[in-house]
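Input: a single structure, listed below in structure tokens.
The values are calculated or read from the model by the stated rules, or taken from the named source; none is laboratory data. Please read these numbers as outputs of a predicted model, since none were measured by experiment. Quick reminder, even Gly has a Cβ in these numbers, built from the backbone with ideal geometry, and neighbours come from all protein chains shown.
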Amino acid sequence: MKNLGKMMKQAQEMQGKMSQMQEELEKSEHTGTSGGGLVNVTLNGKFAMLSLKIDPSIFNGDDAEMVEDLIVAAFNDAKRRVDDFNKTEMAKLTGGIDLPEGMKLPF
């Protein structure tokens with residue numbers, strides 16, 4: 001039973017650390033770019049879009065499809081950066097133990 005108490009305490013500590021990490025993720029900002037910096041998308045660690053910046057020079061033509069493609073590319077770049085950041089932070093929390101895909105903490 002002593003080990004069970006210790007495990008419960010560790011689980012509570014992990015839950016506290018997880019809550020703190022969730023707050024840090026929401027505050028983090030990650031910017032993705034495309035078109036050599038013509039389009040910038042900034043997301044927080046929870047994938048909410050915080051800003052979109054488009055260089056006015058890309059509006060000189062009538063190519064709306066190109067602008068749309070650049071926005072999608074910048075968003076995907078920002079999403080990849082968020083994913084990388086989140087994996088790094090989770091590894092710190094779990095001590096480097098890889099959790100199965102889709103597994104969420106706390107259990």
Problem set entry | Filter result for ASN3 (modelled with pLDDT under 80 and exposed (fewer than 14 other Cβ atoms within 10 Å of the Cβ)) | no
Exercise. So how many residues does region 35-46 have that are over 21 Å from PHE85 (Cβ atoms) and either surrounded by 13 or more Cβ atoms within 10 Å (Cβ to Cβ) or of a type in the set (D, E, K, R) (or both)?
Worked result: 2
Exercise. Are any of the residues in region 48-63 closer than 28 Å to LYS92 by Cα and touching a residue at least 24 places away in the same chain (Cβ under 8 Å)?
Worked result: yes
For this session: For region 24-34, state whether one or more residues are loosely packed, with under 14 Cβ neighbours inside 10 Å and in contact (Cβ under 8 Å) with a residue 24 or more places away in the chain.
Result: yes
Seminar exercise, completed: Selection over region 47-65 where residues are of a type in the set (Asp, Glu), more than 22 Å from HIS30 (Cα to Cα) and either under 29 Å from the mean Cα position of the chain (by Cα) or exposed (fewer than 10 other Cβ atoms within 10 Å of the Cβ) (or both) yields a count of 2
